[in-house]
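Working notes for the structure below.
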Amino acid sequence: MCGIVGLYLKNPDLRDRLGAFFSPMLEQMTDRGPDSAGVAIYRDQASDDDAKVTLYDPDPDFDWDAVAGAASSDLNITITAERVSSHAILRAPVDAGALRRWIETNRPGLRIMSSGNILEIYKEVGLPADVLARFGVPQATGSHAVGHTRMATESAVTTEGAHPFNTGDDLCLVHNGSLSNHHRLRDWLRDQAGIAFQTDNDSEVAAGYLTWRLGQGATIAEALEAAIADLDGFYTFAVGTRDGFSVLRDPIACKPAVMAETDDWVAMASEFRSLAQLPSVDDATVWEPEPATVYSWGRA
Amino acid sequence: MTDSKPDSASFPPRVISEIQRAAREGIYDIRGAGAKRHVPSFDDLVFLGASMSRYPLEGYRERCDTNVVIGARHASKPIELDIPITIAGMSFGAIGANAKQALGLAATAMGTSTTTGDGGMTPEEREASKTLIYQYLPSRYGMTPDQLRQADAIEVVVGQGAKPGGGGMLLGQKITDRVAEMRTLPAGIDQRSACRHPDWTGPDDLEIKIRELREITNWEKPIYVKVGATRTRYDVMLAVKAGADAVVVDGMQGGTAATQHIFIEDVGIPTLPAVRLAVEALKELDMHRKVQLIVSGGIRTGGDVAKALALGADAVSIGMAALMALNCNAPLYEEDYAALGTHPGACDRCHTGRCPVGIATQDPELEARLDPEEGARRVRNYLSTLTMECQTLARACGKSHVHNLEPEDMVALTVEAAAMAKVPLAGTDWIPGSS
Amino acid sequence: MTVIDLAQTDVRELNRTLQMAESGSFEVRHPGGAHALAAGLTRPVDVTIDGHAGYYCAGMNQEGIVTVSGNVGTGVAENMMSGTVRVRGDASQSAGATAHGGLLVIEGNTSARCGISLKGGDIVVGGSVGHMAAFMAQAGRLVVLGDAGADLGDSLYEAQIYVRGTVASLGADCEEKEMTASHQEELAALLEQAGAIADAAAFRRYESGRNLYHFNIDNAGSY
């Protein structure tokens, strides 16, 4: 079980302090999820078709430049690598899918944490405060972020098993709850829809489901609507997209969720205390999302 | 001419009879007791007593201690027990006041605890039991903060072995005025019970609930979390992460006074693998012996007690066996068993409220058949026997404290038991699935 | 009036102070959504929480008079035995869950399962309630000035429900019943006690159909 948080900064003047606002939100959820934590940050959008891929390897001396070099050579472009603790960001003037495919083929041992144009995902085992510090999240800038603290229920406490999960470009999902039909759904998505899974985690199946729906031409709202019928179990989802984020609760709605909004920002969290430090929260509209209802915010 | 063809294994007479009962009544069969089918159990494990490489303790002057402390992790007043055998949660309503009192008196005499059940705490039980664990259930029947504070520990019930994922059940014939008042129900109706807690779902919210319970009881009392054995490894880890001081794991053989037969038989795993899974989970979190493990579900003899402890449990809990010590299924009042369509040794008719020996009933005439003092003496004798049997086996393995029993003191007689308990098949080094 | 600032002290200290007080008035500042605030009170102390509270605010309240100026999380006044709890904002799930007595007033809205398993006690909601309100409610009263969500009073026992606005749907065995003069009088007294301005005559009354009181195969669809 877990804590989830999301923050979208409507006011561009606040975006240099995204991490400063976001980090305390996630730390408040430590009791709900002491095992591991993860953050998806939307920032520094690469120009139109350029790829940004976040990768993970536990070896502190891993040679990311060598990977960038080999990929540059094979794809005949210039790819740069930037290490961020146990992760690295590869930037390339090529479609994200192409870079992803190269990595999957040529470096299958590397874990792809995220791919797209703007999204960066960092996740690790350990207390949220420690995870945030090692990836420099408190200093981060950007438009929006989604995060998660984990108390593992049925799958292992591993770096890969932490949320957010990314199965499609710039898309990420965090989940509080427990699905009950994910094993068969995972098999179907893998065998019939060609979605690749890295873990045995139910939340990754939900992310894969959304990716499949989006690939079929659905909007994120339509994909989430379809999820109400196709996913069984208890969930509050926060989904990060290129342009903003969405929230969905299952029809029974036992897992918590609270939202708050001002002219400057909109935020969600599993418990109000995550929102309590946000600027002007005392003047915010605070409400609880209805069950089986998709909520979305962001640039149109 | 005799029929030489055997009964069908798929459709023996009892299955045919059940199908025809369903065709008449159109509803599931409700009964008491635990899973009746044969499952791998402690019967399939034996101890390797002392011989040339290990030496036994003398039975009289060489101590074999049995005490255990439950719940020191956060509570300022942990539970100290003289013996590692407690009385499991059973509701007033399912059983009568005399039975509750008898169990309390016996537990007090033996230096152990009893546990309330669905419906709350009776004054008789609080008075009779020196150490009383208070169950905090999904129904919250009879739950008051005063009772919470009067208890010595709190057991948050997520489920029980007879019906993991199910709620309590008490039929109208047992909902007397007194029971009805305690549970805030109209007398004589069939009680429906919630299967989930009303104000929390999941270990992340349980963590907040446990904190609230501590705030309300001044952080004094140990908080136990009880689960029916299913995904035991995850459940025990999550209970620890949610802040439990002790975990109670109840295997599928665990009893009930009223549940659907199919639920009892087809849901849950046996106690044998559940113990092992629970201990592995605690060890993985480095919490073995720091968060105590109490195991229940078909504990019958001191041998069962010793085996559960040897696998790593800190204590066991008995339910049905304690009632049998009170004369459940004793050959008395045999006409009354017959009137229920059963006989001593096979009775599971607790749900009817017509218990021939006055235990699982609210009828005063039937209850009068159970004298609390006499019943207490029988349960005390039984608890003493369990303790002595456990000590005998522990001494034979060279242990001066029953907690020093370990898995390596045992071997299994069947492949299933070897795999479930992760002890070698006797005469081999083989643990199926492990080596 | 004693002021306790949660920016300076912790919840445990707050609750110890409140629980040990025989009487008096307390104001709690910077609650910041903390959990179990003013839980376990046993005497008629007056507590005002200035802001938003988390889960189980005034949990298991006995005699205490607790007012929250903001919103509350799950389980406000859960298992309350007596006393009064007033929330000026909104309440999350399971407001007043399993309460045996006392009065809970939510001036705003509640989300799902308001009054779940109620065992006595009164809940008055100025706004609307979410789905499964009064689920398995056994005794006591739930009054809703706004609307009620789906499955109102599912599996109801003897609790009484009054709703002024619309009801999205009724739960299993929950039925609309006649509002007699005596019901209106009783409701009017409760509204006044709660400080709710509303005409009792504008409410409709809901009660158990009592069809699920004994297991019967004909009701299998309701279980």
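The numbers here are math on the coordinates, done by the rules we state, and not lab data. Note that this is a predicted model, so its numbers are computed, not measured. Ideal geometry is used to build each Cβ from the backbone, glycine not excepted, and the neighbour counts take in all protein chains shown.
Residue order for B:5, A:255, fewest other beta carbons within 10 angstrom first, comes to B:5, A:255. Here the alpha carbons of chain B define both size measures, Rg and Dmax, at 21.5, 77 Å.
Residues in region B:383-391 carry Karplus couplings, in order, of 4, 4, 5, 4, 5, 5, 4, 4, 5 Hz; the curve used is 6.51 cos²θ - 1.76 cosθ + 1.60 with θ = phi - 60°, and Gly or Pro positions show x.
Among DSSP bridges having both ends in chain B, what percentage is antiparallel? Round to the nearest 5. Write out the running numbers ahead of the final one.
On the way: 10 of 42 bridges.
Here the antiparallel bridges make up roughly 25 percent for chain B.
The trypsin sites (Lys or Arg not before Pro) found in region B:21-93 that occupy coil by DSSP, while having at most 15 further C-beta atoms within 10 Å, are B:36, B:37, B:54, B:61, B:63.
Can you list, largest first and rounded to whole Å, the semi-axes you get for region B:100-233 by taking the square root of 5 times each eigenvalue of its Cα gyration tensor?
Three semi-axes, in Å: 22, 21, 15.
Computed on the Cα trace of region B:333-416, the radius of gyration divided by the Kirkwood hydrodynamic radius gives Rg/Rh = 1.19.
With neighbours defined as other Cβ atoms within 10 Å of a residue's Cβ, the residues B:266, C:147 order from fewest to most as B:266, C:147.
The amide H of residue C:52, built 1.01 Å from its N in the peptide plane, has C:32, C:33, C:71 as neighbours under 5 Å, considering only residues 5 or more places off or on other chains.
Each principal axis of the Cα atoms in region A:1-149 has its own extent, and those three values, largest first, are 45, 34, 23 angstrom.
Here region B:181-321 has an Rg and Dmax of 16.3, 49 Å, counting Cα atoms alone.
Rounded to the nearest 5, what is the percent of antiparallel bridges among the DSSP beta bridges in the protein assembly as shown? The partial results should precede the final answer.
Details: 86 of 158 bridges.
Of all bridge pairs located within the protein assembly as shown, approximately 55 percent are antiparallel.
Per the Kirkwood formula applied to alpha carbons, region C:63-194 shows a radius of gyration over Rh ratio, Rg over Rh, of 0.93.
The ellipsoid equivalent to the alpha-carbon distribution of region A:159-212 has semi-axes of 15, 13, 9 angstrom, derived from the gyration tensor eigenvalues as √(5λ) and listed largest first.
Sorted from largest to smallest, which semi-axis lengths in Å does the alpha carbon gyration tensor of region A:122-266 give for its equivalent ellipsoid, taking the root of 5 times each eigenvalue?
On the way: eigenvalues 109, 71, 49 Å².
Equivalent-ellipsoid dimensions as semi-axes: 23, 19, 16 Å.
Both radii come from the Cα set of the protein assembly as shown: Rg as radius of gyration, Rh as Kirkwood radius; their ratio Rg/Rh reads 0.99.
Annotation: amide H-H contacts under 5 Å for residue C:215 (H modelled 1.01 Å from N, sequence separation of 5 or more, or interchain): B:190.
The orientation-averaged projection of the convex hull spanning the C-alpha atoms of region C:2-222 amounts to 11.6 square nanometres.
One Cα centroid belongs to region C:143-200, the other to region A:8-40; the line between them spans 42 Å. The calculated 222 nm mean residue ellipticity attributable to helices in the protein assembly as shown amounts to -7500 deg cm²/dmol, summing -39500 (n - 2.57) over DSSP H runs of n ≥ 4 and dividing by all residues.
How shielded is C:48-56 by partner chains, expressed as the average number of their Cβ atoms within 10 Å of its Cβ atoms?
Numbers: counts 0, 0, 0, 4, 9, 2, 7, 11, 9.
Mean partner-chain Cβ count within 10 Å for C:48-56: 5.
The 3J(HN,Hα) values that the Karplus relation (6.51, -1.76, 1.60; θ = phi - 60°) gives for region A:20-29 are, in residue order, 5, 6, 6, 4, x, 4, 5, 4, 5, 8 Hz. Gly and Pro appear as x. With a 10 Å cut-off around each Cβ of A:271-279, the average count of Cβ atoms from other chains is 6.
With q set to 0.10, 0.11, 0.15 Å⁻¹, the log10 of I(q)/I(0) for chain A, from the Debye formula over equal scatterers at the Cα positions, is -0.48, -0.59, -1.15. Counting beta carbons within 10 Å around each of B:288, A:183, A:175 and listing the fewest first gives the order A:183, B:288, A:175. Take each peptide in B:215-228, B:187-200, count the other Cβ atoms within 10 Å of every residue, and average; sorted highest first, the result is B:215-228, B:187-200.
Express as a percent, rounded to the nearest 5, the fraction of DSSP beta bridges in chain C (both residues included) that run antiparallel. The answer is about 15 percent antiparallel.
For residue A:255, which lysines qualify as cross-link partners when the Cα separation must be under 17 Å and same-chain residues fewer than eight apart are set aside? Partners within reach: B:209.
When the P(r) is computed for region C:1-50, the part past 18 Å accounts for 16% of the Cα-Cα pairs. Counting every C-alpha pair in region C:1-92, the share spaced more than 19 angstrom apart comes to 25%. One Cα centroid belongs to region C:109-130, the other to region A:193-248; the line between them spans 33 Å. P(r) for region B:244-371, from all Cα pairs and a bin width of 10 Å, is 12, 35, 28, 18, 6, 0 %, short bins first.
If packing is taken as the average count of other Cβ atoms within 10 Å, what order do B:144-152, C:108-116, A:22-30 fall into, highest mean first?
On the way: B:144-152: 18.2, C:108-116: 28.4, A:22-30: 22.9.
Result, highest mean first: C:108-116, A:22-30, B:144-152.
Excluding same-chain neighbours fewer than eight residues apart, the lysines reachable from residue B:36 by a Cα-Cα span under 26 Å are B:100, B:163, B:174, B:226, B:307, B:422.
Can you return the lysines within cross-link range of residue C:177? Criterion is Cα-Cα under 22 Å, with same-chain partners fewer than 8 residues away left out. Within the straight-line cut-off, residue C:177 pairs with C:119. Annotation: amide H of residue B:118 within the under-5 Å range of B:91, sequence separation 5 or more or interchain, hydrogens built in the peptide plane. For region B:104-163 versus region A:144-162, the spacing of their alpha-carbon centroids is 37 Å.
Note on C:89-98: average number of Cβ atoms from other chains within 10 Å of each residue's Cβ is 5. Here chain A is treated with +1 on each Lys and Arg Cβ and -1 on each Asp and Glu Cβ, and its dipole about the Cα centre works out to around 100 debye.
How big is the Cα convex hull of region A:47-117 in projection, averaged over all directions, in nm²? Please list the in-between numbers first.
Values: hull surface 16.2 nm².
Averaging across all directions leaves 4.0 nm² for the Cα convex hull.
Each residue of region B:17-34 is assigned a 3J(HN,Hα), and the resulting list reads 4, 5, 4, 6, 5, 4, 5, 6, 9, x, 8, 5, 7, 10, 8, x, 6, x Hz, derived from the Karplus form 6.51 cos²θ - 1.76 cosθ + 1.60 (θ = phi - 60°), x at Gly and Pro. Over the C-alpha trace of region B:260-314, radius of gyration and Dmax come out as 12.6, 38 angstrom.
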